[in-house]
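The values are calculated or read from the model by the stated rules, or taken from the named source; none is laboratory data. Keep in mind it's a predicted model, so treat the numbers as computed, not measured. Heads up, the Cβs are rebuilt from the backbone with ideal geometry, glycines too, and the neighbour counts pull from every protein chain shown. Note: accessible area is taken over every heavy atom of the protein model, side chains too, but ligands, DNA and RNA are not part of it. Shrake-Rupley method; radii C 1.70, N 1.55, O 1.52, S 1.80 Å.
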Amino acid sequence: MAILNFPEIFSKEKLDLLLCDYKMTDAIIKHKANLSLNMFSFLQTGSKQVHFADTSVGVNSTQSLLIKSGNCLLTELLDNQDIYYCKLLFFSTQKLSIFLEKNHFQSNKIETRDAPYFVIENDVFLKSFITSLSALSNLQNPTIQKILEAKLEELLHYLIYKYKSKFSDFLHSLVAQKTNSIFRLTV
């Protein structure tokens, strides 16, 4: 089974911030994935399960996920509409470090050993935010990069407001932890 390299499957350019639409008409079961960047997954239709070395998480279209860079297994299932669709926003750890430093967000934790994901419950703001991302698909570089930087900051500020230190601490864990670049072999 081949490894899906995200976001490289969407762009040959080496970008540290990228917005993509991900649509499928066939389900994928436990496909190996390598995320070279952190990823927001805004699920629109279908369901997603993400399996890591020692934990897993499942979400539906009422939730979104922030997944740290590294390796995982993805299961993406269709729903009644026979399509799987999510909007993906990739960003580098460097972009996150700059955001945290610029805004003076401190971690309340001494030890940062968090799960490699954060589940986000979609609300009115997030639904509107996702819709606003859809409007960006027709813009060209470098305009879209400047707008995406502003949108990423908007999103991070909102999620810190919504989830308080729990989300801020998770962001710090993304910066602090090294990614695991080797898939574990199971027998």
Q. Can you pull out the strands (runs of 3 or more DSSP E) entirely within region 53-93 that have at least 1 residues that are β-branched (V, I, T) and buried (at least 18 other Cβ atoms within 10 Å of the Cβ)?
A. 56-59, 63-67
Q.
Residue under question is V119, and the condition is that it be open to solvent by 70 Å² or more (accessible area, probe 1.4 Å), β-branched (V, I, T) and either at pLDDT 95 or above or in contact with a strand residue (DSSP E or B) (Cβ under 6 Å, 6 or more places away or on another chain) (or both); does it hold?
A. no
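Consider T45 carefully, then state whether it is modelled with pLDDT under 95, surrounded by fewer than 14 Cβ atoms within 10 Å (Cβ to Cβ) and of a type in the set (V, I, T). Break it down stepwise before answering.
On the way: modelled with pLDDT under 95: yes; surrounded by fewer than 14 Cβ atoms within 10 Å (Cβ to Cβ): no; of a type in the set (V, I, T): yes.
Answer is no for this residue.
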Q. How many residues, within region 1-46, are on the phi < 0 side of the Ramachandran plot, basic (K, R) and touching a residue at least 12 places away in the same chain (Cβ under 8 Å)?
A. 2
Q. Quick one: K32 ticks every box in (1) over 16 Å from L155 (Cβ atoms); (2) open to solvent by less than 60 Å² (accessible area, probe 1.4 Å) bar one, so which box is it?
A. (2)
Q | Flag for C20 being open to solvent by 10 Å² or more (accessible area, probe 1.4 Å) and in contact with a Lys or Arg (Cβ under 8 Å, 6 or more places away or on another chain) | A | yes
Q: Any residue in region 135-147 that's assigned to a loop (DSSP other than H, G, I, E, B) and of a type in the set (G, A, S): show its pairings with residues that are at pLDDT 70 or above and open to solvent by less than 60 Å² (accessible area, probe 1.4 Å) at Cβ separation under 8 Å, as long as the two are six or more apart or on different chains.
A: none
Q. Exactly one of (1) buried (at least 16 other Cβ atoms within 10 Å of the Cβ); (2) under 17 Å from S69 (Cβ atoms) is unmet by S11. Its number?
A. (1)
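Can you find a residue in region 173-182 that is in a helix (DSSP H, G or I), open to solvent by less than 40 Å² (accessible area, probe 1.4 Å), at pLDDT 95 or above and not charged (D, E, K, R)?
Narrowing region 173-182 to residues in a helix (DSSP H, G or I): 173-176.
Among the residues that remain, those that are also open to solvent by less than 40 Å² (accessible area, probe 1.4 Å) are: 173-174.
Subsequent filtering for residues that are at pLDDT 95 or above retains none.
Within region 173-182 (the criterion being in a helix (DSSP H, G or I), open to solvent by less than 40 Å² (accessible area, probe 1.4 Å), at pLDDT 95 or above and not charged (D, E, K, R)), the answer is no, since none of the residues qualifies.
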